[in-house]
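J.: The structure is given below, and queries will be raised subsequently.
Please treat every number below as a calculation from the coordinates, not as lab data. Since we're looking at a predicted model, the values are computed, not measured. All Cβ positions, glycine included, derive from the backbone under ideal geometry; neighbour counts span all protein chains shown.
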Amino acid sequence: MIDITVRQNIEIRDKQVTVIGLGLSGIETAKLANHLGARVFASDSGFSESICAHAMELMHSHHIASETGLHSKRIYDADLWVLSPGVPKNADIVIKAQEKNIPIVGEIEFASWFTESPIVAVTGSNGKTTTAYILTEMCQSKSNHAVMAGNMGLPFSERVLNEIKTLDGSRTYILEVSSFQMEFVNHFSPTIAVYTNLSTDHLDRHGSMEEYLKMKLRMIQNMDQEDCVVYNGDDPELVSVVEKQPFRKQPFSTKRSDTLYTLEDTSITNHSGKSLVGLDELTIPGNHNLYNLLSAATCSHLLGIPDEHISQVMKTFTGVEHRLEHVLTINDVQYINDSKATNINSVIVAIDTFKKPIILILGGRNKGADFRLLLPHIKSSHVRDVISYGEAGGQINTALGDAVRSVQVTDLNSAVKKAQVLAAPGDIVLLSPGCASFDEFSNFEVRGQFFKSVVMKIKAV
């Protein structure tokens, strides 16, 4: 077995490494381990077209053995397991591996063993992807090569292998980290940890808010006093947890004054009181994006990025695909793709962003959320109609009752067509599902692309 208790002594050459999961992170983990001399075996119980294609790529291009459609006994002939974030810690195969005393780590942990570059890790219930994108732009300079990776579909292992091959000594990694990716960590320790916010999410996986919070806090369990936590100073849950920690702390806020950047009446100012950017110069809408910009600016300042560059990115950043993304305006009806909104809080953020009548499309696979929590926000917002669809369609309809005019349909295609019928000039058709996509789509990106394709067909009619 590989001793993973002390990072400096970890050696995987000629060791048996089993990679569980043949998604993007799985195949890149296998390639990294193979490059470092391990004897790699990859296994995935699924047999979708993409999983089989990944298995073929590993075999033909890298001579890495793999299996699909099952987990054979061979997976336990291992000195180390690297586990896909899609496999929960209470899965039968994981429990059996633990009984056999096989060390288990996640992909983020594994890749972190093989780089000494600074790591900025961004997590939270909402806003982490947008914050990571903003940070990457802010931290890009002649002397600093900011590289984004993590939960947005850019495997950390792939980036680290590229660093090893190119001997890039100027990298700073900007990692988006999910609670799933923190279930199996030993030594992972970012230079700066960013917490955007905390709200109820992934209860279908973690079982309780306490367990979800515990996974989020694992990101900082190995940090020392030289490292820093950047956190939302307006989030009571974060304040109560983070401010007890022994390392450096730096809040960001739209209300507090003990921050590096403050929100004035019409602008964002730095700690010297100098205006960085006028609020009317920002190109991404919504109060939530003010928090994303402030968190990224705070972190960038700590990394030595000058205010002039921070200000320029604030003015030019236009947002991220599938996050309140404007698709088209057809007959004075705006179609907005917010497919990344997979929890209730994201939906609340979305409906609070717009001041025009909203036709809200909700649905997919429920992750354990209580849709009754939307009621006070729907009543106080501009939501005029709700269209529910998919596995959660009935639950949503029942939860909302007669608080808003609503209709249930079978799938997303039907939902968009129904929204087109209901919409009047000046309205907004908003896909902000509040659910996972897995009842109909492989991920939220595919769902968002499908929504956009249906909207494009409406335009063509």
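J.: Using unit Cβ charges (K, R positive; D, E negative) and no other charged atoms, how large, in debye to the nearest 20, is the dipole of the chain about its Cα centre? Write out the running numbers ahead of the final one.
T.: Values: 42 positive and 53 negative charges, 106 e Å.
So the dipole magnitude of the chain works out to roughly 500 debye.
J.: If you don't mind, another one. Along the charge dipole of the range 325-460, Cβ charges K/R +1 and D/E -1, which of Ser339, Gly434, Val383 sits furthest on the positive end?
T.: About the Cα centre, the residue reaching furthest to the positive side is Val383.
J.: Could you point to the residue in Ser66, Val105, Val40 farthest towards the positive end of the range 7-106's charge dipole, with +1 and -1 charges on the Cβ of Lys/Arg and Asp/Glu respectively?
T.: The Cα lying farthest towards the positive end belongs to Val105.
J.: If you keep only loop residues by DSSP, which trypsin sites (Lys or Arg not before Pro) in the range 210-287 have at most 11 other Cβ atoms within 10 Å of their Cβ? Before the final figure, lay out each step's value.
T.: On the way: sites: Lys214, Lys216, Arg218, Lys244, Arg248, Lys249, Lys255, Arg256, Lys274; in loops: Lys244, Lys255, Arg256, Lys274.
Counting only loop positions with at most 11 other Cβ atoms within 10 Å, the trypsin sites (Lys or Arg not before Pro) in the range 210-287 are Lys244, Lys255, Lys274.
J.: Quick one: Ile95, Ile268, Ile284, fewest Cβ neighbours within 10 Å first, how do they rank?
T.: Arranged by neighbour count, lowest to highest, Ile95, Ile268, Ile284 become Ile95, Ile284, Ile268.
J.: Please state the charge dipole magnitude for the range 115-316, taken about the Cα centre, from unit charges on C-beta atoms (+1 on K and R, -1 on D and E), reported in debye and rounded to the nearest 20. Could the numbers behind the result be given before it?
T.: Numbers: 16 positive and 25 negative charges, 49 e Å.
Computed charge dipole of the range 115-316: roughly 240 debye.
J.: Same structure, new question: How far is the Cα center of the range 428-445 from the Cα center of the range 78-150, in Å?
T.: 24 Å
J.: In addition: Counting other beta carbons within 10 Å of each Cβ, put Ile174, Ile10 in order, fewest first.
T.: Ile10, Ile174
J.: Could you sort 30-41, 312-323 so that the peptide with the highest average Cβ count within 10 Å comes first and the rest follow in order? If you can, show how the numbers build up before the last one.
T.: On the way: 30-41: 22.2, 312-323: 17.6.
For the peptides 30-41, 312-323, the packing ranking is 30-41, 312-323.
J.: Which ordering of Arg365, Arg13 is given by a fewest-first count of other beta-carbon atoms within 10 Å?
T.: Working: Arg365 17, Arg13 9.
Listing Arg365, Arg13 from fewest to most nearby Cβ atoms yields Arg13, Arg365.
J.: Then there's this: Measuring from centroid to centroid over Cα atoms, what is the spacing of the range 261-321 and the range 169-199 in Å?
T.: First find each Cα centre; the distance between them is then 22 Å.
J.: With the cut-off at 1.5 for a/c, could you classify the range 7-106 from its C-alpha gyration tensor as rounded, prolate or oblate?
T.: Values: a/c = 1.74, a/b = 1.10, b/c = 1.58.
Oblate shape, in that a/c is at least 1.5 and b/c is the bigger or equal ratio.
J.: Lysine pairs in the range 367-461 with alpha-carbon atoms under 25 Å apart, 8 or more places apart or on different chains: how many are there?
T.: Taking the range 367-461 as the scope, the lysine pair count is 11.
J.: Starting from the Cα gyration tensor of the range 84-176, take the square roots of the eigenvalues, sort them a ≥ b ≥ c, and report rounded, prolate or oblate (rounded when a/c is under 1.5, otherwise prolate if a/b is larger than b/c, else oblate). The partial results should precede the final answer.
T.: On the way: a/c = 3.43, a/b = 1.68, b/c = 2.04.
It comes out oblate by the Cα gyration axes.
J.: Compute the Cα gyration tensor for the range 115-316, then decide on rounded, prolate or oblate, letting a ≥ b ≥ c be the square roots of its eigenvalues: rounded whenever a/c is under 1.5, prolate when a/b is larger than b/c in the other cases, and oblate in all that remain.
T.: Numbers: a/c = 1.66, a/b = 1.14, b/c = 1.45.
Note, shape of the range 115-316 comes out oblate.
J.: Restricting to bridges with both residues inside the chain, how much of the DSSP beta-bridge set is antiparallel, in percent to the nearest 5? Present the calculation step by step, with values, prior to reporting the outcome.
T.: Values: 13 of 70 bridges.
Antiparallel bridges make up about 20 percent of those DSSP assigns within the chain.
J.: Continuing with the same structure: Quick one: dipole size for the range 321-386, taken about the Cα centre, charges +1 on Lys/Arg Cβ and -1 on Asp/Glu Cβ, in debye to the nearest 20.
T.: Numbers: 9 positive and 7 negative charges, 44 e Å.
Dipole magnitude for the range 321-386 comes out near 220 debye.
J.: Another one. For the range 365-410 and the range 1-59, write down the distance between their C-alpha centroids in whole Å.
T.: Each part reduced to its Cα centre gives a spacing of 42 Å.
J.: If each DSSP helix of 4+ residues adds -39,500 (n - 2.57) and the sum is divided by the residues in the chain, what number results at 222 nm, nearest 500 deg cm²/dmol? Provide the component values of the computation, followed by the final result.
T.: Numbers: 16 runs with 160 residues, N = 461.
Mean residue ellipticity at 222 nm (helix-derived): -10000 deg cm²/dmol.
J.: So how far apart, in nm, are the two label points at Gln221 and Met59 if each is 7 Å from Cα heading toward Cβ?
T.: Here the modelled spin labels are 3.8 nm apart.
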